[in-house]
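Report on the following structure.
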Amino acid sequence: MHVVLRPMTEDAYQIYLREHEEEYARDRMITDRESFEDALRTTRVQHAAMLPQGLKTPDQFFFVIADKGSGRVVGYLWFSLRRASRELYLCHILIKETERRRGYGRSALEALDDKAKELGCRAIWLNVMANNQGAIDFYRAQGYRVGAVHMSKHHDPD
């Protein structure tokens, strides 16, 4: 494994949250056929509900993904712990564009597996957008399998 997961600082969290909200809003534009402004507003409402105490929200864990050798930040990882079911839910992982295809994502998921074991989790869950075939292929290559399918049907306004 050539990354380490370091707990996010408040400053890193603020940078990460802005980047994540914009990225997620762009995904919502495609999957939910919303304008960027509507998608960003929806994303921020969801985050406010999920993270009422921000970085300090109980059972929400935020990390920077750092290169083990240089210490350089190459990405971010956020997961929640579902204690009752002993499951970990990967909310988001992001490897910076310039750092992709170097094994950091695979290594970060290995580190996540270690965290799940440390926390006594019996499973890791995640969602991936159906239009993101690269991510689907990546997760499958790391041993993830489809556990559920979320479907939608959209109607164009008249």
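The values are calculated or read from the model by the stated rules, or taken from the named source; none is laboratory data. Predicted, not measured: the structure shown is a model, and the values here were computed from it. Cβ sites come from the backbone with ideal geometry, for glycine too, and all protein chains shown count toward neighbours.
Of the residues making up region 120-158, just one is over 20 Å from Ser80 (Cα atoms) and aromatic (Phe, Trp, Tyr), namely Phe138.
For (1) acidic (Asp, Glu); (2) within 17 Å of Ile15 (Cβ to Cβ), each residue gets a yes or a no:
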{"position": "Pro58", "(1), (2)": "no, no"}
{"position": "Phe62", "(1), (2)": "no, yes"}
{"position": "Leu90", "(1), (2)": "no, no"}
{"position": "Ile93", "(1), (2)": "no, yes"}
{"position": "Lys96", "(1), (2)": "no, yes"}
{"position": "Glu99", "(1), (2)": "yes, yes"}
{"position": "Gly105", "(1), (2)": "no, no"}
{"position": "Gly143", "(1), (2)": "no, no"}
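Would you please name the residue that is modelled with the lowest pLDDT, looking only at residues in region 6-20 that are surrounded by 16 or more Cβ atoms within 10 Å (Cβ to Cβ) and in a helix (DSSP H, G or I)? Among residues in region 6-20 that are surrounded by 16 or more Cβ atoms within 10 Å (Cβ to Cβ) and in a helix (DSSP H, G or I), the one modelled with the lowest pLDDT is His20. Close Cβ contacts (under 7 Å, 6 or more residues apart or on different chains) running from residues in region 37-59 that are closer than 20 Å to Tyr89 by Cα to residues that are among the aliphatic types (A, V, I, L, M) and in a loop (DSSP other than H, G, I, E, B) comprise Leu55/Met8; Thr57/Leu51.
Residues are listed down the side, and each one gets a yes or a no for (1) over 28 Å from Lys115 (Cβ atoms); (2) of a type outside the set (Phe, Trp, Tyr); (3) touching a Phe, Trp or Tyr at 6+ places or on another chain (Cβ under 9 Å):
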| position | (1), (2), (3) |
| --- | --- |
| His2 | no, yes, yes |
| Gln14 | no, yes, no |
| Asp32 | yes, yes, no |
| Glu37 | yes, yes, no |
| Arg44 | no, yes, no |
| Leu55 | no, yes, yes |
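For Arg18, state whether it is among the basic types (Lys, Arg) and farther than 24 Å from His154 by Cα. Taking the combined requirement at face value, the residue satisfies it.
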